[in-house]
Amino acid sequence: MYEIAVDVGGTFADFIVRDQQGSAFTTKVPSSHEDPLEPIIKGLSELAEQCRLSLKEFLGQTNKFVLGTTVGINALLEGQGAKTALITTEGFRDALELRRSRLAEQWDFRVALPQVLVPRHLRIGLRERMDSQGVSIKAVDHGQIEEIAQFLRQEEIESVAVCLLFACRNPAHEVEFKEVLQALWSGVFVTLSSELSSQLGEYERTVTTVLNARLSPVLSNYLQDLRSLLCDKGLQVPISIAQNDGGLTDLIQASQSAVHTLFSGPAGGVKGGWALAREQRLPELVVADMGGTSFDVSLIRQSKMEMTPQAEIAGYPIQLPMLDIHTVGAGGGSIAWLDKGGMLQVGPHSAGAKPGPACYGLGGQEPTITDAALIMGLIDSSNFLGGRMTLQKKQAYEAIDIKIAQPLGLSVPEAAYAIYQIALSLMVDAVYLMTVKKGYDPRSFALAAVGGALPLFATALAEGVGIRQVVVPELAPVFCAQGLHHARFQVEALRSVYGVLREIPSSSWNQVILELQSEVDQELSRLGVCPKQRKYVWSADLKYPDQHHEINIDFQRVAADPEVWQQLGKEFHKTHQKLYGYSQPEKSLLLVNLRLLALEREECLQTESDQVRIQVNTGNPFTCKTSKRIPKSNELTSVYLRGAFQEVDIFHWRDLYPGMCLQGPALIKKTFTTILLEENCEAELDQARNLSIKIGKDDDNYEYQNE
Amino acid sequence: MNTKMNEVIERAVIANHLDTITQEMGYALERSSRSPIFAEACDFACGICNGEGDLVSQINGIPILAAAGTFSVKEVIRKYSSEQIEEGDVFILNDPYQGGNHLPDIGIITPLVVAGEVLFYCVSRAHHGDIGGSVAGSYNAKATEIFQEGLRIPPIKLVSKGQVLNDVMDLILRNVRNPLMLQNDLCAQMGANQIGVARLAELLNDYSPARIKGTVEYLLDHAENLTRQAIEGMPDGDYSAEEWVDDDGFQENPIKIKVEVRIRGEEMTVDFEGTDPQVKGFVNSALVTSTTAAWIGALWALGPDIPRNSGAFRAIKVLLPEGSLVNPYDPAPVTLSTLTPASEIISSIFQALDSVAGQRLPAGFGRYCGPSFYGIDPRNQEFYVGFAFCALGSGGGISGRDGYPYMAPLSNYGGVRAPNIEANEIQYPHLTLCHEMEIDTSGAGTWRGGPGVRYSIQFQGDPTNIVMFGDGMKIPPFGAAKGKPGSLNYVELLTINGEKIPLESKEPSRSLSKGTVLTMVSSGGGGWGDPWQRDPGKVEQDVLDGVISRAKAREDYGVVVVEEGVDWAATTELRSVLLA
């Protein structure tokens, strides 16, 4: 039997299939804008061929099919979506358009804000009101719902978003509206804000609800088409879809909650990092991915993926907990330029895929990071993108010479090196800020280098941040798809509590605990996860009473016990001190929300990582000095590092075998990527064929930060 | 080896890293502070100054606080000799006549001392909910001296060699209405600075103090060069304008701000000669606020890509006549200054430079006008004080797009974050009845202003006290390039007896009984460009959306909208008649 994972991205669709023996086959197919289903069939056919089966046989023998999709986010970025009406509390129909006045770009008045997603004449105020405690102070006007239903039909509305004030405290009015509307107009798609988020803040909740209303019908159509196509071709199991939090859901749920899948693909990458962290026993891991246009960072900490309570995309706030992925405009295509004061800058503008870097020879005139790497000798002009493209060194040279080197009075290699270093500093700062702002010490992390361009920067990036170990996974080019393999069903439930932690009556605490438990269990049962496979993570959002932002603290015991609360408080003060430079242990704490995350256990992974552990435990992972399996390279190349060209060894990934050790400086060439091993680095290929790199020769004062 | 190359790299790397550190400070401040004006509304700024007090890097925050950091640090340096500034010291100040903006904004300054010398100062400035004085919230519309506006803190030490000076802290906390909240928020400011100082110290692992200082000097020169180049790109000439403040809360007459911007080659002088003398009420603007307003106003005209640091500032000369509205003598009251006249100083520069700023500048913005409210919260019997942040006015149109609704006044543009209605109702004892755009308030133009906002709240406290402060009830946001002005601010009370009482923009404290409804209709922004050139399709959409009435569509835009949409024949005829 086979398990298939597909990550359909903006430029490529990545595929990976595993058989029962754990062998993996992969492929990469260009995405198609015109026919989004075509590349899926093409990729699956290629995989079937690799397994020496017909497509029908191959799909028939598949027992798991996981999808990461960009359908939702593409529709969002292109301004597409279902024709949507928005129902709000009467007197508040403009929250969507009024926004909150704060701007990302305040020094340029010309910058336009993102489009208002529902025009004003399709925003309707409903006569009803909940107060701030969640008590109804004005009942829902049923007569008005009849008028609304008529108006919506007349306007040919395809989707209805409902966000009423304080529905996060009490969803009754929203639920009532939906029931009455659907009784009048059966089958109309309605999204309630309370189904998506229990967080306070009507602006962010409204945007989240409207996005879901607009995008869900689009995603739903796509998934229906995909399902019937795959069924035709022989697939007999349901499709699972990856969500923003790295968990899976089924087609029914995904079709109603597109906003949960906006970061479906990138979530696979974080999940891949999480699996890698477990296999490599690196509980603290920075997952860094550099592609053509951007540099993305996420964190694994204490073997868990780091979440954020809300995120922003294209200027729209999304009020949902999701994996925390930070993006900086520094990718292979990012443009280097001199500002009017003659200072060298890199990004955030990108030359994209067309015209692309100057060295693509497609008419690009601007020097990019890729051009700099080519001039430095880091990449091979004849073997780019696995040999699919030949790079024009002359064009790269000229672009850097004219735009950067001559104006600054530098040689072209010097200018290229400066571009490389400045791009590097942007990445260093991004990783640094991502960790320190959460109170973590970046030096306690290891770095996973994925994506086509990052391995050129990985050892230098690690060194800049103070990281001592880098891992380049064998499957780096299809890393997101590979991560989807590890994704499992996952549901989260939340209740807002709003009480002083120590004063909450045991009975209400117990009731909330019970409610959360039954809510997640119900959903997991629907998804077919049996009770034995379930795992629960409890957490509490706490703050000092007059504070505005909460901190999320995990806890183990759920009993209504003062000791449990005391322990929660202790953790909170400790974390606060770390994050903000002070704490006030004498103060009482406000419990804002209780959360329960329920996950399907990853049984097979457990054994996988046990195996790896046995192998790793047979000795120090860095055994180079004694094993002497240091291969000789008979290939040298000239690379510009630290102010001069120097000869370095070239190795080919395909020639490496487990246990083999390499000393920097060297370049390791792999299809779709090249790894730069700096002078002070040692690398070893492990049994799982991941390349483990140690930065710095002196490991006396270094210890693993396993907790 | 490759000294030049290393220099190129170092400059960009250190510049990026300093910005990263200020971001981290800003993040810590926002997440850990308590008072709503600070944490929810983000009314704060933080940055890094060099040993001379020149601002090198700062977060994007409240524009009118942009330069305040450098003034604060320079006042500390003026008062304390280098031997008196030691590792572990923290300074505090708020006096507008000694490095501050207005009294509610407290500056906290933490030096990084390396080998007996200050290499950097981390500085944060934040608006606190109350700083004492005659009225809660410290916006005292009837103050005639700064002493009635709150506690004045000159530059003094709050922490000495790592020890909090409790006598000083006690004295400050004893003079404010929300001592616990203030104490917590001072902790947040000191904590953020501490983070900044620790990160800056780490820079010393990679670079010597001399190299860091050299690079910082380069970054300041670089910003100055960019500014001078942009000035040179504008044609030489004298550009002048007048802008007006409604009144000062005592006299009825508008107060004039006169500006002349003189451009000669790469030199720019912003001269306020001819501005009216200082006034009795709290709309005076002391040196720090006036200078900052002039700098940021000019930089908005010069371009978005210039780093907002002391290098850029030193390329723009600002002349403020002594004893005038924009540079009053101590002890004139100044609390409103960061809103009005700071925004009007900026808008005077916009009007002066509009013709030469390459269509970078918008038409007029709404002015702030709303109350502070205070009393005992009936839900917990605790004292509270709050502000009507949800009463923001709207933005002016600009070449290429309509103005946005619900924008902060210019002095706070893009920096203030308006609270959600839900957060507001949890915070304060009032019920919100309405928060929606108001029809026929936007200034007409090819690109119209953003519509004003109707905001109604019903007070639950018994009594609730309100103090009105603001402007823009007489002078509307200006129209630009033949656009029309926006609408005026309007505020009224509806008592429980059904009586309607219009309020003035500047009023002393008024006690309201439970159930009273306060309604604020904020200004629509000014229009940009001739309204007769506006695309009739856009006018039709505005009518459909209830933003413009059919009558206004006809009157202001010459567009006839009927049930089915634009009546093209009637529109063409109307437009041709009126254009002729």
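No lab work stands behind these numbers, since they all come straight from the coordinates. In this text the structure is predicted, and so the values were computed from the model without any measurement. Here Cβ is always computed from backbone atoms with ideal geometry, including for glycine, and neighbour counts include all displayed protein chains.
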Looking at the range A:486-600 from every direction and averaging, what is the projected area of its Cα convex hull in nm²? 7.9 nm²
How many Cβ atoms of partner chains, on average, are near each residue of B:396-408 if near means within 10 Å of its Cβ? 4
Value of Rg to Rh for the range B:536-579 (Rh from inverse mean 1/r over Cα pairs, i.e. Kirkwood): 0.93
If one takes the longest principal axis of the Cα atoms in chain A, at what angle in degrees, from 0 to 90 and to the nearest 10, does the Cα axis of helix A:412-436 lie? 40 degrees
Stokes-Einstein D for the range B:362-531 at 25 °C, 0.890 mPa s, Kirkwood Rh over Cα pairs, in µm²/s? 153 µm²/s
Tilt relative to chain A, helix A:38-50 - C-alpha long axis, 0 to 90 degrees, to 10: 50 degrees
Using the Kirkwood formula on alpha carbons, the hydrodynamic radius of chain A in angstrom works out to 27.4 Å
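Packing-wise, with mean Cβ within 10 Å as the measure, how do A:464-471, A:103-110 rank, highest first?
A:464-471, A:103-110
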Which aspartates and glutamates, on any chain, are close to A:Lys393 with Cα under 13 Å apart, when same-chain ones fewer than 8 places away are left out? A:Asp371, A:Asp380, A:Asp401
How big is the shadow of the Cα convex hull of the range B:134-204, averaged over all directions, in nm²? 6.2 nm²
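Other chains near A:540-551: what is the mean number of their Cβ atoms within 10 Å of each residue's Cβ?
Mean number of neighbouring Cβ atoms from other chains: 4.
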Radius of gyration and Dmax over the Cα atoms of the range B:471-580, both given in Å: 18.8, 57
If I take the Cα coordinates of chain B and project them onto the principal axes, what are the three extents in Å, biggest first? 79, 62, 41
Starting from the Cα of A:Lys574, draw a straight line to each of the lysines and keep only those under 27 Å, dropping any in the same chain fewer than 8 residues away. A:Lys304, A:Lys437, A:Lys438, A:Lys535, A:Lys543, A:Lys587, B:Lys161
If you take all C-alpha pairs in the protein assembly as shown, what percent of them are over 57 Å apart? 18 percent
Okay, helix-only estimate at 222 nm for chain A: each DSSP H run of n ≥ 4 adds -39500 (n - 2.57), divide by all residues, round to 500 deg cm²/dmol; what do you get? -10000 deg cm²/dmol
Convex hull (Cα only) mean projected area of the range A:244-309, reported in nm² to one decimal: 5.2 nm²
Cα axis of helix B:179-203 to longest principal axis of chain B: angle in degrees, 0 to 90, nearest 10? 60 degrees
Name the aspartates and glutamates eligible as straight-distance cross-link partners of B:Lys256: C-alpha to C-alpha under 16 Å, and not fewer than 8 places from it in the same chain. B:Glu242, B:Glu243, B:Asp246, B:Asp247, B:Asp248, B:Asp271, B:Glu273, B:Asp276, B:Glu322, B:Glu344, B:Asp471
Note: B:29-36 gets an average of partner chain Cβ contacts (10 Å, Cβ to Cβ) equal to 5
Antiparallel %, DSSP beta bridges [both residues in the protein assembly as shown], to 5: 80 percent
quick shape note, the range B:3-206: Cα extents on principal axes in Å, largest first -> 61, 35, 27
What 222 nm value per residue comes from the helices of chain B, counting each DSSP H run with n ≥ 4 as -39,500 (n - 2.57) and dividing by all residues, nearest 500 deg cm²/dmol? -9500 deg cm²/dmol
Within chain B, longest stretch free of exposed trypsin sites (Lys or Arg not before Pro) [DSSP loop, at most 13 other beta carbons within 10 Å]: B:175-580
Which value results when the Cα radius of gyration for the range A:81-216 is divided by 2.2 N^0.38 Å? 1.05
Which three extents, in angstrom, do the Cα atoms of the range B:50-137 have along their principal axes, listed largest first? 46, 27, 20
